[in-house]
1. Below 9 angstrom from the Cβ of Val2, what's the summed charge of the other residues (Lys, Arg +1; Asp, Glu -1)?
2. Given a Förster distance of 25 Å, report the FRET efficiency between Asn73 and Ser120 from their Cβ-Cβ distance, rounded to the nearest 0.05.
3. Extension gain Glu109-Gln1, at 0.36 nm per residue separation less the Cα-Cα distance, in nm?
4. Counting only protein heavy atoms, what percent of the accessible surface of the chain is carbon or sulfur at a 1.4 Å probe?
5. Enter the accessible area per residue of the stretch 12-121 (Å², integer; probe 1.4 Å; all protein chains in place).
6. Any idea what the alpha-carbon Rg over 2.2 N^0.38 Å comes to for the chain?
7. Taking 0.36 nm per intervening residue step and subtracting the Cα-Cα distance, what contour gain separates Glu88 from Gln13 on full extension?
8. Three principal axis extents, largest first, for the C-alpha atoms of the stretch 1-50, in Å?
Amino acid sequence: QVQLVESGGGLVQPGGSLRLSCTASGSIFNIRKMGWYRQAPGKQRELVATPSSDGITNYADSVKGRFTISRDNAKNTVYLQMNSLKPEDTAVYYCNANLMELGAIKYREYWGQGTQVIVSS
């Protein structure tokens, strides 16, 4: 079985920073890509940052210049550095991975359980 576990969420004041982490564990053959999504109360889940097939990272317009995604392949971990946080960044942040399990024949999407980020004074 595969698990994605996020950490690093919490309460932060406007203008502050947080760093989210997500580690994939279990019977993993290969991880094609890992990214971040978020869901604010009463809204649909939306993309925050994820690499595209051509290697370019896609960021939501609302986070460009403030958020940075990075990945440590050796640790099966993806990070989201969030700077200059705004109240509208308040949401549950979810890690997403496109990966193939050992013994599988195709790639599948996996989701973490989410980590809450609250930006408030």
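The values are calculated or read from the model by the stated rules, or taken from the named source; none is laboratory data. Model, not experiment: these values are computed from the prediction. Every residue, glycine as well, gets a Cβ built from its backbone with ideal geometry; the counts of neighbours run over all protein chains shown. We work out accessible area using only protein heavy atoms, side chains counted, and drop any ligands, DNA or RNA first. Shrake-Rupley method; radii C 1.70, N 1.55, O 1.52, S 1.80 Å.
1. Neighbourhood net charge equals 0.
2. The computed FRET efficiency comes out at 0.10.
3. Full-extension gain reported as 37.6 nm.
4. Answer for the chain is 47 percent, counting heavy atoms of protein chains only.
5. Ligands and nucleic acids excluded, the result is 55 Å² per residue.
6. 1.05
7. 25.8 nm
8. Taking the Cα atoms of the stretch 1-50, the three principal extents are 40, 22, 17 Å.
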